[in-house]
């Protein structure tokens, strides 16, 4: 089969690789669509395994497809919501939790060691013509794709699920004021979700004026140009002098961490939805955090509950993801999708790859 092999963001080669056989408790999926995630283009992370299958972990994970082959014991031995059939349209995820460790039992399913170690059987992930799902992924990370949801729309189940989880941890709602730092795809999904969750005043910041205009078109009460404005100060001016009840950081930069601290109100919550490079450090005034009773939350990934909710929201029109799909490429042009994600151009938000084309 054909698969994209990562060397660097601008050098992703389409190579013929071995087609992996399907065991009795596994399933093969013909990949129809795969979204390019911001985590895919973290070159400093992936370059460590450049030229090897998948780069790092599962390469391509926001994916939909059609069941191509079902192992003989799948419908007999695996606990599933329903019987699977060849030809069914599906959404599937590479990371799934065990639901039995201390992290899972305390509700932190995305901190589960099993979740961090699970992935598709083939090393190339969903930037390939096919993936093979192990039994644990079939049981805990496979969903039917409703007929009214396109394959491209279905790729948003994973990123939207991550957003839904983050906003549950941050307790977004009840008319709280929200500052979203970063107006890329994650920021825009946070915007739409915060509106549905019942937030009050919502402002978004970015250095990209075109993305800020998109945010405004999609319901942001205010936008802040971070290139020439003090973001925390401007937010307070726009919010009747008050700091933010909730800050959601979606841009992995040191300055954005500092802005988050400066913009939060007493008793507020900062959600770090993304991470900087591991060696980045920043000065934190612990006294201020303590005396102001600031809550800091982190959110990584999504589990079955989050993904199922995201799928339902998309199916029933709670969020229309189509306006965010700006670029679609065949497998041979995967690198174009990566470069647009790493270095956005005017009008680019989400790139999707079609491995069958």
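The values are calculated or read from the model by the stated rules, or taken from the named source; none is laboratory data. Because the structure is a prediction, the values reported are computed rather than measured. Note: ideal-geometry Cβ built from the backbone for every residue, glycine included; neighbour counts use all protein chains shown.
Taking segment 86-123 as the range and being part of a loop (DSSP other than H, G, I, E, B) and touching a strand residue (DSSP E or B) at 6+ places or on another chain (Cβ under 7 Å) as the test, the residues that pass are 86, 87, 88, 120, 121, 122.
Residue 45 falls short of the stated requirement of being over 18 Å from the mean Cα position of the chain (by Cα) and at pLDDT below 95.
For segment 67-97, the set of residues classified as closer than 26 Å to residue 314 by Cα, without any contact (Cβ under 8 Å) to a residue 60 or more places away in the chain and surrounded by 17 or more Cβ atoms within 10 Å (Cβ to Cβ) consists of 67, 84, 94, listed by residue number. Consider segment 143-152 and keep the residues that are surrounded by fewer than 23 Cβ atoms within 10 Å (Cβ to Cβ) and in contact with a helix residue (DSSP H, G or I) (Cβ under 7 Å, 6 or more places away or on another chain). The one that is farthest from residue 327 (Cα to Cα) is 143.
Pairs are defined by a Cβ separation below 6 Å, a sequence spacing of at least 6 or placement on different chains, a first member in segment 235-258 that is within 22 Å of residue 193 (Cβ to Cβ) and assigned by TED's automatic domain parsing to the domain that holds residue 208, and a second member that is part of a helix (DSSP H, G or I) and at pLDDT below 95; the pairs so defined are 249/256.
As a summary of the residue check, residue 308 satisfies the conditions (1) in the same structural domain as residue 140 (by TED's automatic domain parsing); (2) assigned to a helix (DSSP H, G or I) except for the one numbered (1).
Every condition in (1) closer than 24 Å to residue 12 by Cβ; (2) outside any helix (DSSP H, G or I) is met by residue 319 except one, and the failing one is (1). Quick check, is residue 185 in contact with a strand residue (DSSP E or B) (Cβ under 7 Å, 6 or more places away or on another chain), crowded, with 19+ Cβ neighbours inside 10 Å and under 18 Å from residue 322 (Cα atoms)? Yes, satisfied.
Residue count for segment 267-304, restricted to those that are within 19 Å of the chain's Cα centre (by Cα) and surrounded by fewer than 12 Cβ atoms within 10 Å (Cβ to Cβ): 1.
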